[in-house]
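Heads up: the structure comes next, in structure tokens.
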Amino acid sequence: MPTDRRPMPLFHVREIFAEPAAAASPRGRQVLERFPGARVVEVDSHWRIPHLHGNAGNVERWARIKSEVLVLGVKKTLAARPNGRSADWIAPSSANGCALACAYCYVPRRKGYANPITVFTNIDRIVAHLAGHVRRQGRKPAPNQCDPTAWVYDIGENNDCSVDALICDNTADLVRAFRGWPTAKASFATKWVNRDLLALDPRGRTRIRFSLMPPADARLLDVRTTPVPERIAAAGDFLDAGYEVHFNLSPVVLRAGWQRDWAELLHRMDDMLPAAVKAQAAAEIIMLTHNRELHEVNLGWHPKAEELLWRPALQEAKTSGNGARNVRYRAAGKAAALAELRGLIDRYAPWLRVRYAF
């Protein structure tokens, strides 16, 4: 296990809430050893921590909690869920929550007033479950928008794997596992450039998707993340290290001047990216979806962001499959904006294949 990690500006962990079994596991001990000064609080369930998730007063400390608090839990339900958009399958989560504080993130909608990282310590069982699932699929019978030959598993639906790798070896274990499965490929989106991942030797079996938006939007909405130009600049190094490198144009936020700023971003990508990155790159376009409960939380810690995210005149209600009250851009406006953005890609980054737009 690595013991000489570089200093971590994202973390100043003071408190770790831990299920007993999680704390006693090898991965749990790794985390506790990584933060020896933290106070450890035993909890029955990583989902039910009233002092943390149920405390409305935590909203004012939204970003600070992400730096100072971790949770250790055992992942109880192991299942690979079908997806068909970004990936063929959503892998069982190795973590839930994030140290980054993107104002539009959907993950905290179930947690209430705080969303620090929960590390799932039974990574051995998660990897074993995936190994069996990959084996049962056999070879992919036909190409699709996810990949022409490999079954793609999103390993970071509820977390940022680059950030998780600063805490423990869960991400490393998954990357190493997938490099031994020739019919499958891991995939995760990130807004954090973690150069420690360059040493993992993924051998083409992990797709890293750098999430990008115009820097003006990112400075307001992508709180605590790596600046967008640095994400673009890292793409060539990750390709050279054996990763497949794609991009998420996400989320697309409609506001005055958005077309100009997206054109500038695409032009910057065209200027900065090496030819080898362009030759294999693909993108996902994800239009903003917001949430009423998250809107109300954001008003308590980052109301300026809501001036861009909460636009009732442009948005319509959408109830998600789990009953959440979401809002998205009205269908006609969304379709027109997607067409405009595709036109900008054709003009400024014609090498960038769009895998899907949502």
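The values are calculated or read from the model by the stated rules, or taken from the named source; none is laboratory data. Only a predicted model underlies this, so the values are computations on that prediction, with no experimental measurement involved. With ideal geometry, Cβ positions are generated from the backbone for all residues, glycine too; neighbour counts draw on all protein chains shown.
Under the condition of being closer than 17 Å to MET287 by Cβ and either among the charged types (D, E, K, R) or within 22 Å of the chain's Cα centre (by Cα) (or both), the residues counted in segment 339-349 number 2. Of all residues in segment 106-126, those satisfying the criterion of being in a helix (DSSP H, G or I) and among the basic types (Lys, Arg) are ARG109, ARG110, ARG125.
The condition (being loosely packed, with under 13 Cβ neighbours inside 10 Å and either touching a helix residue (DSSP H, G or I) at 6+ places or on another chain (Cβ under 8 Å) or part of a strand (DSSP E or B) (or both)) is satisfied by just one residue among ARG347, ARG260: ARG347. Checked against the criterion of being under 23 Å from VAL152 (Cβ atoms), at pLDDT 95 or above, surrounded by fewer than 16 Cβ atoms within 10 Å (Cβ to Cβ) and not basic (Lys, Arg), the candidates ASP271, ASP240 yield just one match: ASP240.
Check whether at least one residue in segment 61-72 is touching a helix residue (DSSP H, G or I) at 6+ places or on another chain (Cβ under 7 Å), among the β-branched types (Val, Ile, Thr) and in a loop (DSSP other than H, G, I, E, B), and report yes or no. No, because not a single residue in segment 61-72 is touching a helix residue (DSSP H, G or I) at 6+ places or on another chain (Cβ under 7 Å), among the β-branched types (Val, Ile, Thr) and in a loop (DSSP other than H, G, I, E, B). Scanning segment 88-112 for residues that are within 13 Å of TRP47 (Cα to Cα) and crowded, with 20+ Cβ neighbours inside 10 Å turns up ALA95, ASN96, GLY97, PRO108. Of all the numbered requirements in (1) aliphatic (A, V, I, L, M); (2) under 17 Å from VAL193 (Cβ atoms); (3) part of a strand (DSSP E or B), ALA233 misses one, and that requirement is (3). Here are VAL13, VAL41: which of them is among the β-branched types (Val, Ile, Thr), at pLDDT 95 or above, assigned to a strand (DSSP E or B) and over 30 Å from ALA184 (Cα atoms)? After applying the criteria, what remains is VAL41.
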